[in-house]
1. Looking at (1) in contact with a His (Cβ under 9 Å, 6 or more places away or on another chain); (2) modelled with pLDDT under 95, which one does Leu118 not meet, given that it meets all the others?
2. Looking at Lys19, Lys69, Lys8, Lys32, can you tell me which residue is of a type in the set (Lys, Arg) and touching a His at 6+ places or on another chain (Cβ under 7 Å)?
3. Collect the residues in the stretch 47-78 that are surrounded by fewer than 21 Cβ atoms within 10 Å (Cβ to Cβ), closer than 28 Å to Pro96 by Cα and of a type in the set (Gly, Ala, Ser), keeping them in residue-number order.
4. I need every pair where a residue in the stretch 86-101 that is surrounded by 15 or more Cβ atoms within 10 Å (Cβ to Cβ) and in a helix (DSSP H, G or I) has its Cβ under 7 Å from the Cβ of a residue that is among the charged types (D, E, K, R) and modelled with pLDDT of 95 or more, sequence separation at least 6 or different chains.
5. Please specify each residue of the stretch 54-70 satisfying the condition of being outside any loop (DSSP other than H, G, I, E, B) and touching a residue at least 12 places away in the same chain (Cβ under 8 Å).
6. Just need a number here: residues in the stretch 96-108 that are out of contact with any strand residue (DSSP E or B) (no Cβ under 8 Å at 6 or more places or on another chain) and either under 21 Å from His9 (Cβ atoms) or modelled with pLDDT of 95 or more (or both).
7. Can you tell me which residue in the stretch 30-46 is nearest to the chain's Cα centre (by Cα), limited to those that are crowded, with 17+ Cβ neighbours inside 10 Å and closer than 23 Å to Arg1 by Cα?
8. Take Phe51 and tell me if it is assigned to a loop (DSSP other than H, G, I, E, B) and either touching a helix residue (DSSP H, G or I) at 6+ places or on another chain (Cβ under 7 Å) or within 25 Å of Tyr13 (Cβ to Cβ) (or both).
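The values are calculated or read from the model by the stated rules, or taken from the named source; none is laboratory data. Everything numeric in this text was worked out from a predicted model, so none of it was measured. As a convention, Cβ positions derive from the backbone with ideal geometry for all residues, glycine included, and neighbour counts pool all protein chains shown.
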Amino acid sequence: RYIVFVSKHHEGYTNWPSKNSFNWNSMDVGPKRDLLGELASAIRNKTDIHFGVYHSLFEWFNPLYLEDKANNWSTTRFVDEKTMPELYDLVNTYKPEVIWSDGDWGAPDTYWKSKEFLAWLYNDRSVDSHLD
């Protein structure tokens, strides 16, 4: 049994106080709460359900994403400055057992730096011990 909660959707809104969300998150706008953190804590403390996160890789209207797209994915500012820092933060802070990344269809995996992220995820013992 598992739950996969939306950490960020394609509009860029995050359900945790992401430092990379430009104040477009559940702590600054809306409920004024770390919804992801509260749910992760409740799941881990009160159930035996595995905790996971859904994370949209892209953001429809983010200027960095649009710039990279206009450059035919030859630049990676959006990935370097937004996507990867968010994924690292998610893993380090909330330690999900499942990560469902979505929205990679518009650009190649090399743009998203998928191999680099997976290498970090599975080779850093301080990170992957909860993935065993």
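1. (1)
2. Numbers: Lys19 fails: touching a His at 6+ places or on another chain (Cβ under 7 Å); Lys69 fails: touching a His at 6+ places or on another chain (Cβ under 7 Å); Lys32 fails: touching a His at 6+ places or on another chain (Cβ under 7 Å).
Among Lys19, Lys69, Lys8, Lys32, only Lys8 is of a type in the set (Lys, Arg) and touching a His at 6+ places or on another chain (Cβ under 7 Å).
3. Gly52
4. The qualifying pairs are Glu86/Lys8.
5. First, pick out the residues of the stretch 54-70 that are outside any loop (DSSP other than H, G, I, E, B): 54-56, 63-70.
Across the stretch 54-70, the qualifying residues are Tyr54, His55, Ser56, Leu64, Tyr65, Asp68, Lys69.
6. So the first thing to find is which residues in the stretch 96-108 are out of contact with any strand residue (DSSP E or B) (no Cβ under 8 Å at 6 or more places or on another chain), and the list is 104-108.
Next, only the ones that are either under 21 Å from His9 (Cβ atoms) or modelled with pLDDT of 95 or more (or both) stay: 104-107.
Final tally of qualifying residues: 4.
7. Going residue by residue through the stretch 30-46, those that are crowded, with 17+ Cβ neighbours inside 10 Å are 34-36, 39-40, 43.
Cutting the leftovers down to closer than 23 Å to Arg1 by Cα gives us 35-36, 39-40, 43.
Numbers: Leu35: 14, Leu36: 11, Leu39: 16, Ala40: 14, Ile43: 19 Å.
Here the residue is Leu36.
8. Working: assigned to a loop (DSSP other than H, G, I, E, B): no; either touching a helix residue (DSSP H, G or I) at 6+ places or on another chain (Cβ under 7 Å) or within 25 Å of Tyr13 (Cβ to Cβ) (or both): yes.
Criteria not met by Phe51.
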